[in-house]
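This report concerns only the one structure given below.
The values are calculated or read from the model by the stated rules, or taken from the named source; none is laboratory data. Fair warning: this is a prediction, and the values are worked out from it, not measured in the lab. Neighbour counts run over all protein chains shown; Cβ positions are idealised from the backbone, glycine included.
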């Protein structure tokens with residue numbers, strides 16, 4: 001029986017951006033791997049308006065492979081929104097999410113699928129070796145260490161977006177309406193029982209990562225502001241401590257005035273003014289970032305707009 005006419009049991013969601021040269025090899029490996037599982041499947045490529053005209057390649061793949069589904073967004077919305085579009089399109093009872101650059105090995109899917117049936121609601125791929133630069137790896141370790149500190153639970157930075165979810169996890173994920181989102185943080189917030197499967201992060205097959213240093217910093221900030229409001233609590237505590245310090249300084253100056261009859265130390269006063277001004281500006285900046293996100297969310301705009309769908 002041809003699986004293409006059946007409702008898929010497994011859907012594979014792949015956000016596509018800047019990796020057109022990887023798509024043929026990725027699709028071939030996925031088809032080979034999923035066919036050995038002898039269950040209905042679909043492969044969903046979500047074109048996040050890739051600058052290398054990846055949509056043309058997706059259309060060709062659809063002509064060659066009937067179980068390919070192509071989703072083209074109206075503009076570039078970002079990786080995590082593209083994942084959301086793919087999850088919304090997926091029909092499978094189980095949904096795999098993976099990158100398009102072949103750093104996530106498709107051959108691991110049967111192992112993750114088997115692990116899922118050990119009683120887990122989702123299974124995450126854990127990268128025991130990462131093919132990123134030493135600088136990026138070190139910065140990522142520091143970032144996730146800080147996120148674990150400010151969150152209520154430990155966040156494992158070796159876990160990536162390569163994962164398999166049950167339908168109830170997908171349905172829970174799709175209830176989120178935040179525009180600034182982080183795929184793994186949402187999965188953590190949902191709280192379902194999850195397992196892990198270790199794998200070696202492979203070399204990128206072609207092209208280069210679209211995450212420049214600036215985009216990585218922005219992505220990190222979005223993750224922090226999505227995850228916690230502790231920064232506002234820290235601002236309140238900092239303000240209280242500075243106010244207490246100012247009050248004690250006033251007492252000190254009064255005592256010094258009555259004891260010596262004059263005041264001196266314009267340099268120290270200048271330093272205090274500069275320091276306090278800097279702290280105030282930082283606090284206003286943090287508050288402004290939260291307000292900006294409230295403003296964006298209040299517009300109630302759709303998370304994404306789909307231009308074209310082929311294969312469904």
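In summary, residue 119 fulfils each of the numbered conditions (1) out of contact with any strand residue (DSSP E or B) (no Cβ under 7 Å at 6 or more places or on another chain); (2) at pLDDT 95 or above with the single exception of condition (2).
Conditions tested, residue by residue: (1) surrounded by 13 or more Cβ atoms within 10 Å (Cβ to Cβ); (2) modelled with pLDDT of 70 or more; (3) part of a helix (DSSP H, G or I).
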residue	(1), (2), (3)
196	yes, yes, no
205	yes, no, no
208	no, no, no
219	yes, no, yes
233	no, no, yes
238	yes, yes, yes
268	no, no, yes
285	no, yes, yes
303	yes, yes, no
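Looking for whichever is surrounded by fewer than 24 Cβ atoms within 10 Å (Cβ to Cβ) and either in contact (Cβ under 8 Å) with a residue 24 or more places away in the chain or over 26 Å from residue 179 (Cβ atoms) (or both) here; the options are 15, 40. Which one fits? Before the answer, list the steps.
Working: 15 fails: surrounded by fewer than 24 Cβ atoms within 10 Å (Cβ to Cβ).
Just one listed residue meets the conditions, 40.
The single condition among (1) out of contact with any helix residue (DSSP H, G or I) (no Cβ under 7 Å at 6 or more places or on another chain); (2) outside any loop (DSSP other than H, G, I, E, B) that residue 43 does not meet is (1).
Criterion applied to 109, 10 was being under 22 Å from the mean Cα position of the chain (by Cα), at pLDDT 95 or above and either surrounded by fewer than 23 Cβ atoms within 10 Å (Cβ to Cβ) or under 23 Å from residue 126 (Cα atoms) (or both), and the one residue passing it is 109. For region 82-106, the tally of residues that are outside any loop (DSSP other than H, G, I, E, B), buried (at least 20 other Cβ atoms within 10 Å of the Cβ) and out of contact with any strand residue (DSSP E or B) (no Cβ under 7 Å at 6 or more places or on another chain) stands at 2.
On the stretch given as region 177-191, residues that are in contact (Cβ under 8 Å) with a residue 12 or more places away in the chain and either assigned to a loop (DSSP other than H, G, I, E, B) or over 16 Å from the mean Cα position of the chain (by Cα) (or both) total 6.
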